[in-house]
Amino acid sequence: MGPQHYVIGNWKMNGLVAGACALARAVLAGAPGCATQLALCPPATSLGAVAAVLGRGPVMLGGQDCHPKATGAHTGDVSAEMLADVGCGLVVVGHSERRTNHGERDDLVRAKAEAAHRAGLVAVICVGETLAEREAGRTREILATQLRGSVPAGATATRTIIAYEPVWAIGTGKVATPAQAAEAHGWIRSELDGMTGAGGAFSILYGGSVKPENATDLFALPGVDGALVGGASLDATQFLGIAAAAPRRRA
Ligand code: PEP
């Protein structure tokens, strides 16, 4: 059996509790027909309420970020243990908006991924090049550096998902071409193989302006095991439309 297929919604800093619950309810209603593992990552303020909506159903709950430490004097932060406590099964770390807006570097992203593992969560580790880096021919080098810096030693495919998110494709409407996405996913998998000896087992998701209209083509690419979805995950019809393009059943 190959890597598990996921479609993960990252709601970012959008939505109040009532709207978050309505969106989660709509996604949950469409989940039974989906050939993929769905997950929703609401803002921290809505996690508890969305957890109550999702219950023990087929849609996983996720955090958008976590602190490396379990507890302590870290005002405004949320630990991986707190996410697990509220019902999360995964957490996104190293999203490019965290890397850019909060100056997060690979060693911090790795510490967050380690925290996720410590708390029993799946770490969704984001990597991706900027447009300038791609145009300078540095995509492979950037991805290798981010992977080697951000993925914890001993990471396993059951507890670690990689999201390839070219920064120039996030929220821009620009999507990597099939050739660009397939090449990047292949490179990430070979790097993971060098690092862990089990690259073929890891789920590698594509992220960057995924919509129902482009999901079928993306999911058909070799090495693309699903999507991390921003904008389109704020609309249940769009999100479920992306999920409907999944070619495989949940593992
Ligand atoms: C994201 O935030 O991870 C993302 C891929 O956003 P969007 O789908 O809006 O490009």
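The values are calculated or read from the model by the stated rules, or taken from the named source; none is laboratory data. Only a predicted model underlies this, so the values are computations on that prediction, with no experimental measurement involved. When we count neighbours, we look across all protein chains shown, and the Cβ atoms used for this are built from the backbone with ideal geometry, even at glycine. Side chains are part of the model used for accessible areas, which takes the heavy atoms of the whole protein and leaves out ligands, DNA and RNA. Shrake-Rupley method; radii C 1.70, N 1.55, O 1.52, S 1.80 Å.
Just a few scattered comments:
- Against the test of being assigned by TED's automatic domain parsing to the domain that holds residue 157 and touching a residue at least 24 places away in the same chain (Cβ under 8 Å), the options 194, 200 yield a single qualifying residue, 200.
- When the residues of region 175-232 are filtered to those that are within 14 Å of the ligand (Cβ to nearest atom) and charged (D, E, K, R), the one that is least open to solvent (accessible area, probe 1.4 Å) is 211.
- Residue 131 meets each of the listed conditions (1) within 16 Å of the ligand (Cβ to nearest atom); (2) surrounded by fewer than 23 Cβ atoms within 10 Å (Cβ to Cβ); (3) touching a residue at least 12 places away in the same chain (Cβ under 8 Å); (4) under 18 Å from the mean Cα position of the chain (by Cα) apart from (4).
- For region 154-164, the criterion of a residue being within 11 Å of the ligand (Cβ to nearest atom) and surrounded by 15 or more Cβ atoms within 10 Å (Cβ to Cβ) is satisfied by at least one position.
- Within region 75-108, restricting attention to residues that are free of Cβ contacts under 8 Å to residues at least 24 places away in the same chain and among the small types (Gly, Ala, Ser), the residue that is nearest to the ligand (Cβ to nearest atom) is 103.
- Residue 33 being modelled with pLDDT of 95 or more and not β-branched (Val, Ile, Thr): no
- Of all residues in region 5-17, those that are surrounded by fewer than 20 Cβ atoms within 10 Å (Cβ to Cβ) and either among the aromatic types (Phe, Trp, Tyr) or part of a loop (DSSP other than H, G, I, E, B) (or both) total 5.
- Test set (1) assigned by TED's automatic domain parsing to the domain that holds residue 151; (2) over 18 Å from residue 16 (Cα atoms); (3) not aromatic (Phe, Trp, Tyr) - residue 75 fails condition number: (1)
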